[in-house]
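The structure appears below as structure tokens.
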Amino acid sequence: MQHIAGVQLTLELLLTEAFESRSGRSAAIGRLVEYFTILLLRHTIEASLVK
């Protein structure tokens, strides 16, 4: 999964948000999960992993 552009940084940000108590934490986690999902979908489509 590390070869997918942006995944490593997104996971690092997601984990940072998950383990810190900061304002907007829930919203940030939600957006990062959405972005992570988009990255995986892009990779799946571009790599022709689905028909």
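Tabulated data
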{"item": "Charge dipole (the chain, unit charges on Cβ, about Cα centre) - positive-most of L9, F19, H43", "result": "H43"}
{"item": "Cβ charges +1 (Lys, Arg) and -1 (Asp, Glu), total dipole of the chain, debye", "result": "120"}
{"item": "Residue-averaged 222 nm ellipticity for the chain, from DSSP H runs of 4+ at -39500 (n - 2.57), nearest 500", "result": "-22500 deg cm²/dmol"}
{"item": "In the range 8-51, the GluC sites (Glu not before Pro) that fall in loop regions by DSSP, at most 11 other Cβ within 10 Å", "result": "E20"}
{"item": "Surface per residue (accessible, 1.4 Å probe) for the chain, Å²", "result": "81"}
{"item": "FRET efficiency, R25 to A5 (Cβ-Cβ, R0 25 Å, nearest 0.05)", "result": "0.45"}
{"item": "Ranking by accessible area, most exposed first, for I45, I38 with a 1.4 Å probe", "result": "I45, I38"}
{"item": "Net charge contributed by nearby residues that have their C-beta within less than 11 Å of T16 (K/R +1, D/E -1)", "result": "-1"}
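The values are calculated or read from the model by the stated rules, or taken from the named source; none is laboratory data. Note that this is a predicted model, so its numbers are computed, not measured. Quick reminder, even Gly has a Cβ in these numbers, built from the backbone with ideal geometry, and neighbours come from all protein chains shown. Just so you know, the surface numbers come from the protein's heavy atoms only, side chains and all, with ligands and any DNA or RNA stripped out. Shrake-Rupley method; radii C 1.70, N 1.55, O 1.52, S 1.80 Å.
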